[in-house]
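Below is one structure, written out as structure tokens, with a few remarks after it.
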């Protein structure tokens, strides 16, 4: 059975084989969802409930990145580089 592209993309952020909850994986998932919601909001400008969800996701990603920068700066720098995020 073929794996989805989502599963294949997450493998590069996992710390071990069964890792689904580390900060790296969560940031990668949030980044993907943020990108898709941003595209949705470009065509549906009046969708305020989705905009609110987008802002909550951005805040969650920011707090996870803050945690990662304080706890393990090397993983933080690698994650920013892989996801092409600004500091």
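So for region 19-34 (the condition being more than 15 Å from residue 85 (Cα to Cα), at pLDDT below 95 and surrounded by fewer than 12 Cβ atoms within 10 Å (Cβ to Cβ)), does at least one residue qualify?
Yes.
In region 50-58, is there at least one residue being out of contact with any strand residue (DSSP E or B) (no Cβ under 6 Å at 6 or more places or on another chain), modelled with pLDDT of 95 or more, in a loop (DSSP other than H, G, I, E, B) and loosely packed, with under 15 Cβ neighbours inside 10 Å?
Among the residues of region 50-58, not one is out of contact with any strand residue (DSSP E or B) (no Cβ under 6 Å at 6 or more places or on another chain), modelled with pLDDT of 95 or more, in a loop (DSSP other than H, G, I, E, B) and loosely packed, with under 15 Cβ neighbours inside 10 Å, which makes the answer no.
Has region 60-72 got any residue that is out of contact with any strand residue (DSSP E or B) (no Cβ under 6 Å at 6 or more places or on another chain) and not in a helix (DSSP H, G or I)?
Checked against the condition, which is being out of contact with any strand residue (DSSP E or B) (no Cβ under 6 Å at 6 or more places or on another chain) and not in a helix (DSSP H, G or I), region 60-72 yields at least one hit.
How many residues are touching a helix residue (DSSP H, G or I) at 6+ places or on another chain (Cβ under 9 Å) and either within 22 Å of residue 9 (Cβ to Cβ) or exposed (fewer than 10 other Cβ atoms within 10 Å of the Cβ) (or both) when one looks only at region 35-44?
3
If I ask for residues that are under 11 Å from the mean Cα position of the chain (by Cα) and without any contact (Cβ under 8 Å) to a residue 24 or more places away in the chain, which ones from region 66-83 would you list?
80
In region 59-87, what residues are closer than 16 Å to residue 21 by Cα, loosely packed, with under 12 Cβ neighbours inside 10 Å and in contact with a helix residue (DSSP H, G or I) (Cβ under 7 Å, 6 or more places away or on another chain)?
Selection gives nothing.
The values are calculated or read from the model by the stated rules, or taken from the named source; none is laboratory data. Just so it is clear, the structure is predicted and the values come from calculations on it, not from any experiment. We place every Cβ from the backbone using ideal geometry, glycine too, and count neighbours over all the protein chains shown.
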